[in-house]
Amino acid sequence: MSAVVSAVAGAVRRLLPDHHDQLTLVEQRGEGDRFRVEGTTITGTSASALLTGVHWYLTRVAGVSAGWPGDSLSRLPGKLPQAPYIAKEAVVQHRFALNDTDDGYSGPYRDWATWERQIDLMALHGINEVLVTVGMEEVYHRTFAEFGYTDEQLRAWIPSPGHQPWWLLQNMAAFTGPVSEQLFDQRVRLAQQIVTRLRELDLTPVMPGYFGTVPPGFPGRVIPQGGWVGFERPDWLDPRDPMFAQVAEAFYRHQAELYGETSMVKMDLLHEGGTPGDVPVAEAVKAVQEALRKARPGATWVVVGWLDNPVRELIEAADGLLILDGVADRHPDLDRETGWLGTPYCFGTIPNFGGHTTIGANTGVWVSRFAEWRRGPSLRGIAYLPEGTGTNPASFTLFAELAWHDEPIDHAGWFTDFSHRRYGGADLHAARAWEILRATAYSLPADGWSEPQDSPFLARPSLTAANAATWSPRAPRYDLERFAAALEQLLQVDPALRGTSAYQFDLVDVARQALTNRSWVLLPALRAAFESGALERFRRLTVTWLEDMELLDRVVSASPYFLLGPWLAAARAAAADEEEAARLEYDARCLLTTWGPRGADVHLKDYANREWAGLVRDFHAMRWRLFFDTLLGGGDPEGIDWFAVEDAWSRDRTPYPEYPTADPYRVALDLYARLCQAIE
């Protein structure tokens, strides 16, 4: 058995412990990524292609799915069915996954078992390039130790894992540190496991490169970078300075010693407001690239297309550049061939910001625009770039499939087929539910946004709140009443299909979304009642609002994917002692609330809002209760120090359940009954 087949067989064994030995895997190397399925034999040109063939067999032949999250693999028959001849070839070379922020918003304290599952799922869906930022703090630590910095100085400069992604992006430093030596070692071991498994499965680990971030007081010509939404940014070393080449050499050397070399390096110069000062950008780019070329000859320089990034000077000066288009589905009029001067790029999307639990994406734009843009010579791949993963399984599955369809995907037909395999069997009510979801939350236009609205329930309290996160849509992007009908259909799905983790996730997710959508109706009613002096009606509506939030917390307590407890427990478990446990738990909590210290909360508060059991009840509902009590008591909520209230919760150490405490079907029924009641 070849190493490739052995690696794929291991993944299949993990995914299908009771059926793996019924599939025959054959490696047949060749140009491009291709697979064929016939009977129960799957042949592929790479480990990634073989696993994509397994996925195609499961979905198109066996009629089940392995989603991210939720699956219907328990519906597989004892004897696997025989497949007709199926052959597919990837239509693009690059199939990239993960945002720079993923290690923060998706789980900074994930263990190897969680990462192993995620890698298997990415490979199963055809991904072949994965960004890895875990463990890069040790690369910086070893690098700057060579330049006279002490262990204590460096560990104080590097943030705790929850906030490390933004330190790697040169946006901030030091917050929630120092990090213990034990945690450094843990993350090095985890990163080594990640990159080893990626390589075994023919997935390229894409690692951060060195572009000039330095600790305080670094000798040489450094350019202060100013602030970033309430944080002081680390200094930038002028790449023309002779010291730059020395630092870069040490950085890439230590990175290779720890994690091996890579053919793809991710770097964004002057990210989100960084300043070059008097440094010519083109000269800086050439110096950064020269250091990269010396360390990684022939490596591809990967950069995200986001806001004004990459600037024209970078595109003109760099060679071997690959742009990951983070807004390919966001705006109505885009011309990447002209705007990016023919630079190779990947059609990308950021369908989730901050790990929001909201349902939906611009999937209709994906299927039409990807097919159209493929006619241009520069499109070379796809890039799945949500800031937080593990939500919207339909989005991930559909987006990943773009790379394996030579013809445009039939949007409506795809969702119908998805509804059949999502729960492991065709069901009229499931199909109706998913058609409603497709036509509402998954048919959002390219209107300047790439994710749906979040919830006023999760906003810092105000009668004029229009969103929770500063940069979320300020109005619903689809018909809320029509969306709610999907819950009624899901509740009628065949009982034989309700035991799958996919159904139980979707039921809780749709119920949660239907209830939270009601906040967009309730809040204007509350405001109208208060401003008109109808205080008794206002009082009744505040009761309705808080009862809805209580029910929302109960609904999400029915799913392992919507619990605060595991998020906090993982942070505590990573600590070397109780003192660090308190810091790491604060790191994990504040990321979901104030995001940072006083001042940063002005723009970043609730940026990573999500509807999780415990978080809804004890944080979000707590704020609204205080707000309503103040108004009804004749006080002025403007006098409330919201940061102090929120920071106190973030520093609390109360544990939360790590397993579901309610029955998903029962609470979804209760929620549907409440939705059927008119708002008084």
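Accessible area, 1.4 Å probe, largest first: how do Lys294, Lys266 sort?
Lys294, Lys266
Among Val64, Gly32, Leu507, which residue has its Cα positioned farthest towards the positive end of the charge dipole of the chain, with +1 placed on the Cβ of Lys and Arg, -1 on the Cβ of Asp and Glu, and the dipole taken about the Cα centre? In the chain, that residue is Val64. Gap in Å between the Cα centre of the stretch 13-60 and the Cα centre of the stretch 461-510? Between the Cα centres of the stretch 461-510 and the stretch 13-60 lies a distance of 34 Å. Under 11 Å from the 7 Å Cα→Cβ point of Gln82, by amide nitrogen: which residues of the stretch 49-75? Correct set: none at all.
Counting only C-alpha contacts under 8 Å and six or more residues apart, can you give the relative contact order of the stretch 129-204 as a whole percent?
Answer for the stretch 129-204 is 38 percent.
So what does Arg110 come to for accessible area, using a 1.4 Å probe and Å² rounded to 10? For Arg110, solvent-accessible area is about 30 Å². Evaluated at q = 0.09, 0.14 Å⁻¹, a Debye calculation over the C-alpha positions of the stretch 1-145 (equal weights, vacuum) places log10 I(q)/I(0) at -0.32, -0.71.
Listed peptides 384-391, 510-517 appear in the order 510-517, 384-391 once ranked by packing, highest mean of other Cβ atoms within 10 Å at the front.
Note on exposure: Ile409, Ile119 ranked by accessible area (1.4 Å probe, complete protein assembly) read Ile409, Ile119, with the most exposed listed first.
When the chain is fully extended, how far beyond the present Cα-Cα distance does Asp319 get from Ser368, taking 0.36 nm per residue of separation?
Details: separation 49, 0.36 × 49 = 17.64 nm, distance 3.03 nm.
Roughly 14.6 nm would be gained on extension.
Be a star and scan the stretch 643-680 for residues whose amide nitrogen sits under 14 Å from the point 7 Å along the Cα-to-Cβ vector of Ser462. Once the point is set 7 Å along Cα→Cβ of Ser462, 643 turn out to lie under 14 Å by backbone N, inside the stretch 643-680.
Average accessible surface for the chain: 35 Å² per residue, computed with a 1.4 Å probe over protein heavy atoms with every protein chain in place. Only one of (i) 37, 34, 23; (ii) 43, 30, 21; (iii) 41, 35, 27 was calculated from the structure for semi-axes √(5λ) of the Cα gyration tensor in Å, and its label is (i).
If you plug the beta carbon distance of Ala282 and Asp151 into 1/(1 + (r/R0)^6) with R0 = 41 Å, you get a FRET efficiency near 0.65. For the chain, hydrophobic long helices are taken as DSSP H runs at least 30 Å long by C-alpha position along their axis with mean Kyte-Doolittle hydropathy of 0.5 or more; none is present. P(r) tail, the stretch 139-228: Cα-Cα pairs separated by more than 21 Å, 38% of all pairs. Based on the Stokes-Einstein relation at 20 °C and a viscosity of 1.002 mPa s, and on the Kirkwood radius from alpha carbon pairs, the stretch 51-100 is assigned a translational diffusion coefficient of 166 µm²/s.
Model label points for Asp636 and Asp185, set 7 angstrom from Cα along the Cα-to-Cβ axis, are 5.6 nm apart.
Rounded to the nearest 20 Debye, what is the dipole magnitude of the chain about its Cα centre when Lys and Arg each give +1 and Asp and Glu each give -1 at the C-beta?
Once rounded to the nearest 20, the dipole reads 1180 debye.
Computed on the stretch 464-615, with alpha-carbon pairs under 8 angstrom and 6+ residues apart, the relative contact order is 26 percent.
Per-residue counts of other Cβ atoms within 10 Å, averaged by peptide: what ranking do you get for 339-347, 72-80, 130-138, highest first?
130-138, 339-347, 72-80
Counting protein heavy atoms only, the stretch 28-128 has 45 percent of its accessible area on carbon and sulfur, 1.4 angstrom probe. Extension gain, Trp112 to Arg598, is 171.6 nm, computed as 0.36 nm per intervening residue step minus the present C-alpha separation.
The values are calculated or read from the model by the stated rules, or taken from the named source; none is laboratory data. All values derive from a computational prediction rather than experimental measurement. Glycine also receives a Cβ, built like all others from the backbone with ideal geometry; neighbour counts cover every protein chain displayed. These accessible areas exclude ligands, DNA and RNA; they are computed on the full protein's heavy atoms, side chains included. Shrake-Rupley method; radii C 1.70, N 1.55, O 1.52, S 1.80 Å.
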